[in-house]
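The values are calculated or read from the model by the stated rules, or taken from the named source; none is laboratory data. Every value quoted in this text rests on a predicted model; they were computed, and no experiment measured them. Using ideal geometry, Cβ is built from the backbone for each residue, glycine included, and neighbour counts are taken over all protein chains shown. Protein only, heavy atoms only, side chains kept; ligands, DNA and RNA dropped before computing areas. Shrake-Rupley method; radii C 1.70, N 1.55, O 1.52, S 1.80 Å.
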Amino acid sequence: MLRGTLLSSVVFGTLGRPPTVRERAARQAFRTAGFRVKERPDFRGWLWLHFVANAGLHSQGVRLGSLTDLVGKAGDLREAMRVTRELLPLVEARGVDLRRHRATVRSFRAPTWLTGPALAWLTAHFPLVRGNFAAHSDPEAEEPREICRDTLAEARRLNVPTPRLEAAEPYFTPGRAHRPSRPR
């Protein structure tokens, strides 16, 4: 079953160059259709931050079974935020200037005693957020594990310490540990 959500805004950006005529036309088509266009001048950095945020969440989701199992769980979401925070030096090692992404970085550096319960509440009470987590409900899905493996491999390649992500490694490395089982 395919489920989706249509948001009122769309994110655009380029990779180190101005938008082409075709890319500007795409932006205009979305505006004409009533969407709010958000432009990210450092799109590469925005993508990297999005990727490490996913790695942080998935590191805990695979430990529990899936992202669905994180809904409403402040302690596990706190740990996901801690994993994401420890991955910020990896984003910098990839050449991203975190100062260009202050608002996003601030949310990852906020006290986890605050962000964990806030995320737990959001995932439990907002259908859009809960639906995003529910879309990742397959405990056997490879994508969350691959995101974690790729992130850890890149951290190791660049010699960036990631002890929290490494602690979750048994849950996303094939044959390393028992995966949580859920009744079908």
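One residue stands out among those in region 1-51 that are among the hydroxyl-bearing types (Ser, Thr, Tyr) and closer than 29 Å to Arg94 by Cα: the one that is most open to solvent (accessible area, probe 1.4 Å), which is Thr20. Against the conditions (1) outside any helix (DSSP H, G or I); (2) farther than 17 Å from Gly56 by Cα; (3) open to solvent by 50 Å² or more (accessible area, probe 1.4 Å); (4) touching a helix residue (DSSP H, G or I) at 6+ places or on another chain (Cβ under 9 Å), Val96 satisfies every one except (3). When Arg109, Arg149 are checked against the criterion of being touching a Phe, Trp or Tyr at 6+ places or on another chain (Cβ under 7 Å), at pLDDT 95 or above and within 22 Å of Leu70 (Cα to Cα), Arg149 stands alone in meeting it. If you take the residues of region 99-135 that are touching a residue at least 12 places away in the same chain (Cβ under 8 Å) and charged (D, E, K, R), which of them is surrounded by the most Cβ atoms within 10 Å (Cβ to Cβ)? This residue is Arg130. When residues in region 52-93 are screened for being more than 18 Å from Arg149 (Cα to Cα) and either in a helix (DSSP H, G or I) or open to solvent by 50 Å² or more (accessible area, probe 1.4 Å) (or both), 10 of them pass.
Among the residues of region 148-162, the ones that are open to solvent by 20 Å² or more (accessible area, probe 1.4 Å) and under 18 Å from the mean Cα position of the chain (by Cα) come to 4 in all.
Of the numbered criteria (1) among the charged types (D, E, K, R); (2) modelled with pLDDT of 95 or more; (3) open to solvent by 40 Å² or more (accessible area, probe 1.4 Å), the one Asp138 fails is (2). Within region 117-171, the set of residues being within 13 Å of Gly61 (Cβ to Cβ), hydrophobic (A, V, I, L, M, F, W, C) and touching a Lys or Arg at 6+ places or on another chain (Cβ under 9 Å) comprises Leu119, Ala134, Ala135, Ala168.
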